[in-house]
Amino acid sequence: MQPTVPPAGGGAAGVPAAPLWVALAGGALAVTGSFLAFSTVQVDGGTESSGGMKGDGVYTLVAALKMLGWLVAGLLAPHVRTRLTLVAGLPALALVVLGGLNLASPERALRSEIEKNGGSGAELDELLALLDVSAGVGVWLVLAGGLVGLGAIAAVGLRARRG
């Protein structure tokens, strides 16, 4: 028997607790990924990386913390649990979008880091064109955390709709 939490709209079945915990795990993955490498590049036989906090990782961290905040608030407030959980879907969607952008364009974090150190313009574009930049593990964790969270939140929404 799966434990349930009271529904927000007064339905008899309740919202299962498992999707809420799964969404929290997704948020934790995204928080962790925000601190890890967003871009990696092969240089002189070694690998250099650009951490998430030097680029979009700041935004993914904020989105993941907001998602976690709404989910925790939903766990603590049974009378509005479903609504608060569904609101957490917005930052989860932001995680998916930011993760997808950084996966499609892995040089974003490296470009941000170089620009913060004073580099810009055509020279930077030429340099990045010469390098083989790939997405770092942080991007994958942020994307996975956002997808897991969004999927679990969608399950809560579907369950509430069937109510």
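The values are calculated or read from the model by the stated rules, or taken from the named source; none is laboratory data. Just so it is clear, the structure is predicted and the values come from calculations on it, not from any experiment. Virtual Cβ from ideal backbone geometry, glycine too; neighbours counted across all protein chains shown. Heads up: the accessible areas ignore ligands, DNA and RNA and are worked out on the full protein's heavy atoms, side chains in. Shrake-Rupley method; radii C 1.70, N 1.55, O 1.52, S 1.80 Å.
Hey, can you tell me all the residues within region 60-92 that are surrounded by fewer than 17 Cβ atoms within 10 Å (Cβ to Cβ) and under 30 Å from Ile114 (Cβ atoms)? Once the filter is applied, which keeps residues that are surrounded by fewer than 17 Cβ atoms within 10 Å (Cβ to Cβ) and under 30 Å from Ile114 (Cβ atoms), region 60-92 yields Val62, Leu65.
Can we say Gly157 is surrounded by 14 or more Cβ atoms within 10 Å (Cβ to Cβ), part of a helix (DSSP H, G or I) and within 13 Å of the chain's Cα centre (by Cα)? Steps first, answer last, please.
Working: surrounded by 14 or more Cβ atoms within 10 Å (Cβ to Cβ): yes; part of a helix (DSSP H, G or I): yes; within 13 Å of the chain's Cα centre (by Cα): no.
So Gly157 fails the test.
For the subset of region 33-52 comprising residues that are among the small types (Gly, Ala, Ser) and part of a strand (DSSP E or B), which member is most open to solvent (accessible area, probe 1.4 Å)? It comes out as Ser49.
Is region 114-134 home to any residue that is in contact (Cβ under 8 Å) with a residue 40 or more places away in the chain, assigned to a loop (DSSP other than H, G, I, E, B) and of a type outside the set (A, V, I, L, M, F, W, C)?
Filtering region 114-134 for residues in contact (Cβ under 8 Å) with a residue 40 or more places away in the chain gives 116, 131-134.
Applying the additional criterion that residues be assigned to a loop (DSSP other than H, G, I, E, B) yields 131-132.
Narrowing further to those that are of a type outside the set (A, V, I, L, M, F, W, C): 132.
Yes, that holds for at least one residue.
All conditions in (1) open to solvent by 60 Å² or more (accessible area, probe 1.4 Å); (2) more than 11 Å from the chain's Cα centre (by Cα) hold for Ala109, with the sole exception of (1). Under the condition of being closer than 21 Å to Gly89 by Cβ and among the hydroxyl-bearing types (Ser, Thr, Tyr), the residues counted in region 43-65 number 2.
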